[in-house]
Amino acid sequence: MTVASPNGSAPGIRHYLLAATPFVVVFLIMPCELFFTQAEEWDVPPGQFILAPLLGLLGWALTSLILAGLSYKKPALSRGLALFLFVLGCYLLLADLYSPVQMNSLDGAALSSDEPFKYTALELGIGLVLLVMLVQLLKGRGERIATVFAGLLVLAGLGYGGLVLTYMLTPEPVITSAEADTEAGAGNVYHIVLDRMQTDAFLSAVDRAAARPAFEGFELFSNNVSNYMITVPSRASYLSGTFYHEGDYKEWHKGIWRRQGIQKLLDDQGYRVWNYAPFRQWQDPSADVFRYILDVYRDRTGIAGSNVSDFIVLWLLRPVPNFLTNEALAPIAGARDLMLAGLDRISGNTAPDGGRQKRLTMREGLQVVASKHTFEQAAIDEEKRAPSGEYVYLHAVLPHLPYVFDDRCTYHGPPTKKLNEAERRSAYLDQAVCSVRLIRDFLDHLQAIGRYDDATIIIHADTGAEEGFLADPADYRSAETTLGRADNQLLSGVNALLMIKRPGGRGPLRELEQVTQLVDLFPTLADILDLEDAVDVPIHGRSIYAEDDEPREVRFGFDPDELFGSNFMEVRIETPENIRRSKLTVVGPALVPTNWRPEIRQVAWPRH
């Protein structure tokens, strides 16, 4: 089908297809790719996400009308415009791969770019190559190949969009008040994770909050090590009791804790599993009740789609040339605000006085504030739980940056200026004190309703914090570096809180110097609940209560390139009993079989 023109020339369907290229790239591929690259960070409602491809469809339809109109008077111009749009789409597709903000942190980092010159040079090189290609296309060379490529690009974009919508529209379980299987065991299990709570920081925060009495019966392991320095692999490791050392990394971190982790074990043993998670993608079949913390925030505040703001800014920045990234931030943020205001009017997201409610972005502490609400909701949900046979996993994005709470849990927003090292430590410690207060309030609630004494309570971090230890800096070997990072930062980054209250635990909080690792958490919990015989999968950890003096290495996985995949390097802590002054040794890549010693591959259970 073609649109005829007076002189018999016409743009043809191929030209409409070629002209669709930039719209497919900017309004379909870019937002879909941005969503998938950080899928575990986003909470973009499907109704709002679909606006991007709809805007692209509208833009392409208007452009097609222009092409059709030009074909009557100036068919060559119509064809030239279609070819130009195709080449522009190719440029955007390639330049997008080197966007300096496409993977910008959503957890509080400033949204800006160093605008590296190598990216600008690369974009100029791409532009020159595509300019030559445009000249050749205008001469009639390669137009059919370009049309085939444009068609494949449209199909890829549609497939990408379909996957995103399917992913986002997956229904969530509904909370019920059904009774748990009381044969699962006496008392409940409360498993609380404080994101980036470094051990020394926690102890300092406990003393500042005068909260030691709240932790009656707890044992704190001051030499505990997180086996990974970032959340996702750390969680996969401590829930499954394994290190990543073979196979596909994504399959390991996405699947192993679902197939053989703590939650599956307890679900199989009749516990009712509650999961309060910072990422919607952490839902799994073992969870009887799943609460996404941003849904909790939405339900308690009435504000929906809060972090769509971050998504819009990053999406609109991606096609901007590298050297204009920072200059584009202000107008893009303004356009974002106009769009959100329109969405608020459509969705009715307005304050009682008719004004707009405050949407918190990730950089303004959305997940941090949502975590505070989640602690409060978890206490409210206790009335829906039985006094025994319940497992509650609560992963709070606290005291993780951005540091928006003071030590009384009063919101003051992110810092208005770049903090120096001392100020950053102080802000981190304030938020750590807030975290301790929230934990204390939750434990006090368990005491008040008579569920504390019989409960098994585990409180730990997923990682430490690289702000540095909060004790005397003279205690640390700050002059040494490993894989390009200061040793004191690495050691602080893996010195993660671990404290446990066993059923019937009594006495004041005890600080133990025993060397422990988060990979030990799975077998330790199985030991406490007397479920060792129910675990029939290979693990690398062992119960910290085992009567086993066999020495073993303490390792953590570190990715100096921050690609967080199979390129993890295994690093050994030489003197873990004195972690703050320990030397570090790079063992080698995680996937090299000779880097794994036999004792690490063995299952180590208590020998009673």
At a 1.4 Å probe radius, which order do H253, H412, H445 fall into by accessible area, largest first? H412, H445, H253
I'd like the FRET efficiency for Y545 and A386, computed as 1/(1 + (r/R0)^6) with the beta carbon distance as r and R0 of 25 Å, rounded to 0.05. 0.40
For region 532-586, the percent of accessible surface on carbon and sulfur atoms (probe 1.4 angstrom, ligands and nucleic acids excluded) is 45 percent
Computed from the beta carbon distance with a Förster radius of 25 Å, FRET efficiency for F36 and D114 to the nearest 0.05 stands at 0.50
Distance in Å, no decimals, from the C-alpha centre of region 278-311 to the one of region 210-257 is 22 Å
Length released on extending from E376 to T594, taking residue separation times 0.36 nm less the Cα-Cα span: 73.7 nm
Run the reach check for K74 against lysines, Cα to Cα strictly under 30 Å, same-chain hits fewer than 8 apart removed. What comes back? K139
Difference of contour (0.36 nm per residue) and Cα-Cα distance, E251 to L122: 43.1 nm
In terms of Cα to Cα distance under 18 Å, which lysines are near enough to K73, apart from those fewer than 8 places away along the same chain? none
Cross-link partners of K372 among lysines (Cα-Cα below 29 Å; sequence separation of 8 or more within a chain): K254, K264, K358, K384, K417, K418, K501
Determine the relative contact order of region 185-291: mean sequence separation of Cα pairs under 8 Å and six or more apart, normalised by residue count, in whole percent. 15 percent
Just subtract the alpha-carbon distance of A448 and R510 from 0.36 nm times their residue separation and send over the number in nm, one decimal. 20.0 nm
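The values are calculated or read from the model by the stated rules, or taken from the named source; none is laboratory data. Since we're looking at a predicted model, the values are computed, not measured. Quick reminder, even Gly has a Cβ in these numbers, built from the backbone with ideal geometry, and neighbours come from all protein chains shown. All accessible areas refer to the heavy atoms of the entire protein, side chains included, with ligands and DNA or RNA removed. Shrake-Rupley method; radii C 1.70, N 1.55, O 1.52, S 1.80 Å.
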